Amino acid sequence: MAQIESSQQPALPLAGISVVECGQGVAAAYAAKLMAILGAEVVKVEPPRGDLARHRGPFFEDRPDPNLSGLFLYLNADKKGVTLDLTDPGGRAALDMLLRRADILMHNIAPRDRSAAAMEAAALTRAHPGLIVAGISPFGDHGPYSRFNAYEITVAHSSGMASLAPAVSQFPERPPLKLFGHQAEFQAGAFAAMAALAAYCYRAQTGEGQSIEVSEQECLATMLEGALAIHSYTGRTPSRLGHHIYGPRSIWPTRDGWIFINPGEEDQWQRLVELMGNPDWAREEIFKDRFMRGQNADALWPLMAEFTQNWNKQELFMAGQARRIPLAPMNRCSDVYADIHLRARSFFASMPTPDGRTIEIPSVPFKSTGSAWRIENPAPKLGQHNTEVLGAQQESASVQPRAGTPPPTAGGPLAGVRVLDFGWIWAAPYCTMMLAHLGADVIRVETANRTCLSRRNPPFADGEPGPNRAGVFNEWNQNKRSIQLNLGKPEGIDLALRLAGHSDITIENFGAGVMDRMGLGYEAMRRRNPGIIMLSIGCYGRTGPYTDFVNYGPQVNGQAGLLAVSGYEGDQIREGPCAYGDPATGVFAAFLINAALIQRRRTGIGQYFEVSMMEVLAMSLPEALLEYAMNGRDPEPNGNRDRHMAPHNCYKALGGPEEWLTIAVGNEEEWRRLCHTIGRPELAADPRFAGAAARKRNEDQLDRILTDWTSRRDRWEAAKLLQAAGVAAIPTLTVKDLFQDPHLIERNFWVRLPHPEIGPRTHSGVPWKMSLTPCEVRRPAPCLGADTDDVLSSVLGLGQQEIDRLRRSEVLL
């Protein structure tokens, strides 16, 4: 992208916003971190014994210190910290004093624990009418699973994502895998931050606060790439087992590691063949097209391995990218820190620690002409700001409780905001769908000359190809309108710019420089509309050595370090469940857009963002990256196991290769309950398992005992027994299971609206709920260009004669 000059001085977009954070672990802390990094004032409320994240590590030299846990430090920089017992009347009254001057309460207190802490959403919004209350939980506030005990592994396996990992596995005896760390919590935190800022935009207009509930399960369930569409449109159930339908797409060995190669287009394959020296085998009939190469992946893999193993992974990456071949090194944490592109973009920042040291951590995954960010102060020691913060609350103004609850309004909190969507495939369209779910008027700009790949790829309704029949497009473009503009014609460009003059936001994820070359870059947009907010998404952002490189989400998963730590213990690096970075980047981008809308309300000025998918992914790997930053060690994959908890695994249940059950124990009471439930109460007194540390040392023996119990039982029978005893357990849900899941059905997560060409089809809904501005799927994905006339007439005021002329001139093609 051309360098953008701006006279605007970058500022913290959320400066002046007051946030109170309650709960433990990752989800609420990450949501509040995202707001703190953009300038919000955050007060973190911990229980007297401290946040559990203080005990997760990593720790310098493996010496536990509750003030020096890497995860806690990363999540809580630039916050003030206080301790309160919310089950004590005095502590709860102190929280109310904090809430009187707060704009947003972000928490992840489990629904089953809220009554004891007086943290039910309805009561909070009545007591604090202007407050935005965002509650995150594993399964949402209501429904059959809402009071389940759950940890990260529980949510990961209930979401469908674990059932797809590792992709194209040839080992049905191995269990499905969760991704490394706390991905469900990180994504739910990003969703919650996005929704809370949208609610703040609404409050700025109306003065009304409201409550938000975010389901971690539903957040991950919307991120399963094409898996939902495959089941909805074909009845097939995607699985981690099998092969890709096209090839080559796999991970190959190099002299120093592994590289992911994925030339999805024929010209990319031909350039790869040239790089490999045009071997004779590449001309064989069994490799004649990408589908034949997929069918014959077992024959192709060793032939390509002969080539790749003579290269270093970074050298092959650079040589391939010079020929515009999609491939990427599978980086370990040490590689991520050494990456020339991340260094050139100054992605890593020095974070101070409470004891005076500094740690290099991921900073922010964007550059902007108008938004600053900060990492300035260390995370608070336990109770560090009790006197400063709680003592000052006596001066807080009183707030009159609301007598009743205002009725919900029509449309979401962003009603009245218009978005021009130039998105391609997934990342940008996913972002704009989130904005559409929030009530924005999203206009998808398309052309029949080159329809989006998601309109051209299967699955198709009834197996019949067509741009309006593609399940993946229809999954990712709900709640939008579509217009056709021929951007190869000057009049088409002019119409796009005129629409930008009537829009608030433009989003795109074409290759670097494409929008500028078409005359639709930020400079051209802001000349028409100084208030326009433009955001570009790329695998690597719009600056740095990799800016012009071509790649896809599955490869970037590994390049960011995720795949090196997500896998079976002692195994090679394998593929993830989906192009996870695309929706993760889309949600983060939607969060940024809401922050920019808040900033624009103060300044009247728009701005430009560029967002890097690789950097968004790295932000969700603090436990892995900080292990290297703090101790110089590359962490190894550990399957479904946890660094501290045991048992914590996925166990074979009675039945076929898809029948698995997760069990996780987080404290001694849960361990005793587990022992009694499986009919082995003597294990609670067994010295091999006396305490979490002993159970970790003897984890293999413990897993064999549990497998003996689970393998003789139906997965749901076992899960319900354990949950009734208060033990976190759930089956690994397949995509088919999700569509039949009574919890998701009761929560109205699935949406089935009539589509004008293919009739009713089932798609995912909105993974959050808002009390005052309901967010829902109001319309199915649009047919190609279906709204062209309406948009040109209602937005630009064009008459029908002019629209007909433009169509005859192939401007509306």
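The values are calculated or read from the model by the stated rules, or taken from the named source; none is laboratory data. Nothing here was measured: the structure is a model prediction, and the numbers come from that model. Reconstructed Cβ throughout: ideal geometry from the backbone, glycine too, with neighbour counts over all protein chains shown. With ligands, DNA and RNA removed, areas are computed over all heavy atoms of the protein, side chains included. Shrake-Rupley method; radii C 1.70, N 1.55, O 1.52, S 1.80 Å.
General observations
- Length gained when the stretch Arg100-Glu315 is fully extended (0.36 nm per residue, less Cα-Cα span): 71.7 nm
- Label-to-label distance, nm, for residues given as Glu360 and Ser794 (7 Å Cα→Cβ offset): 5.2
- Total formal charge among the other residues, if their Cβ is under 12 angstrom from that of Ala684, Lys/Arg +1 and Asp/Glu -1: 0
- Phi angles of the stretch 712-723 translate, via the Karplus equation with coefficients 6.51, -1.76, 1.60 and θ = phi - 60°, into HN-Hα couplings of 9, 9, 4, 4, 6, 4, 5, 4, 5, 4, 5, 5 Hz per residue; Gly and Pro are given as x.
- Treating r as the C-beta distance of Met518 and Ile340 and R0 as 41 Å, the FRET efficiency rounds to 0.85.
- Global form of the stretch 1-140, assessed from the alpha-carbon gyration tensor, a/c cut-off 1.5: oblate
- Bridging of Lys696 to lysines at a Cα separation below 29 Å is possible for Lys178, Lys381, Lys652, Lys720, once same-chain residues fewer than 8 apart are set aside.
- P(r) tail for the stretch 83-142: Cα pairs beyond 14 Å make up 54% of the total.
- Net charge dipole size for the stretch 304-378 [Lys, Arg +1 and Asp, Glu -1 on Cβ; Debye, nearest 20]: 280
- Using the Cβ of Arg293 as centre and a radius below 15 Å, the other residues enclosed give a net charge of -2, where K and R count +1 and D and E count -1.
- Contact order relative to length of the stretch 97-190, as percent, for alpha carbon pairs under 8 angstrom and 6 or more apart: 24
- With K and R counted +1 and D and E -1, the other residues having a Cβ less than 10 Å from that of Glu185 yield a net charge of -2.
- Placing dummy labels 7 Å off each Cα toward the beta-carbon, the span from Glu265 to His502 is 3.3 nm.
- Counted residue by residue at 0.36 nm each, then reduced by the alpha carbon distance between them, the extension gain from Arg697 to Thr603 reaches 28.1 nm.
- The stretch 50-146, dipole about Cα centre (Lys/Arg Cβ +1, Asp/Glu Cβ -1), debye to the nearest 20: 220
- Across the chain, Cα pairs under 8 Å and at least six residues apart give a relative contact order of 18 percent.
- Amide H contacts under 5 Å for Ala728, placed H, 5+ residues apart: Ala664
- In the stretch 663-813, Cα pairs under 8 Å separated by at least six residues give a relative contact order of 14 percent.
- Calculated on the Cα set of the stretch 590-647, radius of gyration then Dmax: 18.5, 54 Å.
- With kT/(6 pi eta Rh) evaluated at 20 °C and eta = 1.002 mPa s, and Rh the Kirkwood radius from Cα pairs, the stretch 423-489 diffuses with a coefficient of 174 µm²/s according to Stokes-Einstein.
- Residue (of Thr707, His502, Ala653) at the positive-pole extreme of the chain, dipole from beta-carbon charges: His502
- Backbone phi angles across the stretch 437-454, fed through the Karplus curve with coefficients 6.51, -1.76 and 1.60 (θ = phi - 60°), yield HN-Hα couplings of 4, 7, x, 5, 8, 9, 10, 7, 8, 9, 9, 6, 5, 8, 5, 4, 4, 5 Hz in residue order; Gly and Pro are listed as x.
- Stretching the chain fully between Asp714 and Asn667 yields a gain of 14.4 nm (0.36 nm per residue, less the alpha carbon separation).
- The simple Förster model, with R0 at 22 Å and r as the Cβ-Cβ distance, assigns Arg778 and Thr451 a FRET efficiency of 0.40.
- Taking every alpha-carbon pair in the stretch 112-171 and binning the separations at 5 Å intervals from zero gives 4, 14, 18, 18, 13, 10, 9, 5, 3, 3, 1, 0 percent.
- Put simply, when 276-286, 143-153 are sorted by average Cβ atoms within 10 angstrom per residue, most first, you get 143-153, 276-286.
- Of the chymotrypsin sites (Phe, Trp or Tyr not before Pro) found in the stretch 179-257, no site is in coil according to DSSP while having at most 12 other Cβ atoms within 10 Å of its Cβ.
- Accessible carbon and sulfur surface of the chain relative to its total accessible area, %, 1.4 Å: 50
- When you count the other C-beta atoms within 10 angstrom of each residue and take the mean per peptide, 665-672, 69-76, 211-218 line up highest first as 211-218, 69-76, 665-672.
- Most to least packed among 460-473, 125-138 [average Cβ atoms within 10 Å]: 125-138, 460-473
- Each residue was assigned an accessible area with a 1.4 Å probe, and for Asp289 the value is about 50 Å².
- At R0 = 45 Å, FRET efficiency that the Cβ-Cβ distance of Arg752 and Arg807 yields, to 0.05: 0.85
- Averaged per residue, the chain has 35 square angstrom of accessible surface, using a 1.4 angstrom probe with ligands and nucleic acids left out.
- Where only alpha carbons of the chain are counted, the Rg and the Dmax (Å): 26.0, 85
- Debye, to nearest 20: dipole size of the chain, +1 on Lys, Arg Cβ, -1 on Asp, Glu Cβ: 960
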